[in-house]
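The values are calculated or read from the model by the stated rules, or taken from the named source; none is laboratory data. Treat the numbers as computed from the prediction; the structure is a model and nothing was measured. FYI the Cβ positions are ideal-geometry reconstructions off the backbone, even for glycines, and counts take in every protein chain you see. In case anyone asks, the SASA skips ligands and DNA or RNA and just uses the protein heavy atoms, side chains included. Shrake-Rupley method; radii C 1.70, N 1.55, O 1.52, S 1.80 Å.
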Amino acid sequence: MENEYLKNINYKETNTLLVSLKMSALENNVPIITDEGINFLNQIIKLSNVKNILEIGTAIGYSAISMALKNNVRVTSIEKSKEMYQKAKKNIKEALLEEKISLINKDALELDEKKLGMFDLIFIDAAKAQSIKFFNKYKTILNETGIIITDNLLFHDLVNQEVKDRNLRQLLRKIDNFNKFVVLEKDFDTYLYQIGDGMSLSIKRK
Ligand code: SAH
Ligand code: MG
């Protein structure tokens, strides 16, 4: 969670397309990555010389567009919802990023991951109850020195809180399960960070 003081003086996005995409996501209740989260992602990409990224959960394409604009990378992004896919497609076209971002309109749990190629970074940001499944399925197409980053580990600070709603309680329990699972994954060095809405960084062991 970003400290108010740091937030005030911190780097602010100036790219007009990204700023307007973020505003439209906020207006339409589309849950996009936080400023802190996207800066963390983009800096990891630069530090680790990431070239190929797989994103699970495109929404309107905000995070994919940011990663592709700021780095010399190719992004493949999977989105289940037809409506979101179409919005992302339009936004990527407007950003002139069709060469760098490929979109797939499918349920990420159903498609054949072996046909996608190999990736240096996998960003898991889809249905929060399914993160363990995404992790296990997609770690098989991660390169030797690859990284998996998962978003929304805190789910708006609700994880580990008492809530009345049964469905929400179940979702929070699944996120808690993922958080506990991912730190114990023996093929990865993982740390859970209090960045954005909570993000895990898992680096594949050599
Ligand atoms: N990464 C985006 C936000 C993604 S929001 C950003 O930060 O800009 C999560 C998205 O995941 C939603 O659009 C939802 O439709 C999609 N999603 C949920 N379950 C999915 C699945 N099984 N396969 C593919 N996409 C999924
Ligand atoms: Mg997210």
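Given a 1.4 angstrom probe, I'd like the percentage of the accessible area of the chain that is carbon and sulfur, rounded to a whole number.
Values: 5880 of 11560 Å².
Roughly 51 percent, rounded to a whole number.
Given 0.36 nm per residue, what is the gain on full extension from residue 93 to residue 143 after removing their alpha carbon distance, in nm?
Values: separation 50, 0.36 × 50 = 18.00 nm, distance 2.87 nm.
Fully extending the segment from residue 93 to residue 143 adds 15.1 nm.
Please sort by residue number the trypsin sites (Lys or Arg not before Pro) in the range 70-172 whose DSSP state is loop and whose Cβ has at most 15 other Cβ atoms within 10 Å.
Passing sites in the range 70-172 are 106, 164.
Could you list the GluC sites (Glu not before Pro) in the range 120-206 that lie in coil according to DSSP, counting only those with at most 15 other Cβ atoms within 10 Å of their Cβ?
Numbers: sites: 144, 162, 185; in loops: 162, 185.
Within the range 120-206, the qualifying GluC sites (Glu not before Pro) (loop, at most 15 other Cβ atoms within 10 Å) are 162.
Starting from the Cα of residue 9, step 7 Å along the direction of its Cβ; do the same at residue 160; then give the gap between the two resulting points in nm.
Distance between label points: 2.9 nm.
Where in the chain are the DSSP H helices whose C-alpha atoms run 15 Å or more along the long axis and whose mean Kyte hydropathy is at least -1.0? Present the calculation step by step, with values, prior to reporting the outcome.
Values: long enough: 16-27 (16 Å, 1.12); 35-47 (18 Å, 0.16); 82-94 (18 Å, -2.05); 166-184 (27 Å, -0.27).
The qualifying helices are 16-27, 35-47, 166-184.
So what is the relative contact order for the chain, in percent, with contacts set as C-alpha pairs under 8 Å and at least six apart?
Computed over the chain, the figure is 19 percent.
How large is the accessible surface per residue of the chain, computed with a 1.4 Å probe and reported in Å² as a whole number?
Values: 11560 Å² over 206 residues.
So the chain comes to 56 Å² accessible per residue, rounded to a whole number.
Averaging sequence separations of C-alpha pairs under 8 Å and six or more residues apart, then dividing by the length of the range 42-119, give the relative contact order as a whole percent.
On the way: 117 pairs, mean separation 25.6, N = 78.
The value is 33 percent.
Note down the nm distance, to one decimal, between modelled labels 7 Å out along Cα→Cβ at residue 193 and at residue 28.
2.8 nm
For the chain, what does -39500 (n - 2.57) per DSSP helix run (n ≥ 4), summed and divided by total residues, give at 222 nm, in deg cm²/dmol to the nearest 500?
On the way: 7 runs with 80 residues, N = 206.
Result for the chain: -12000 deg cm²/dmol, rounded to the nearest 500.
Could you tell me the largest-minus-smallest coordinate of the C-alpha atoms of the range 22-147 on each of the three principal axes, in descending order and whole angstroms?
Computed over the Cα atoms, the extents are 39, 31, 26 Å.
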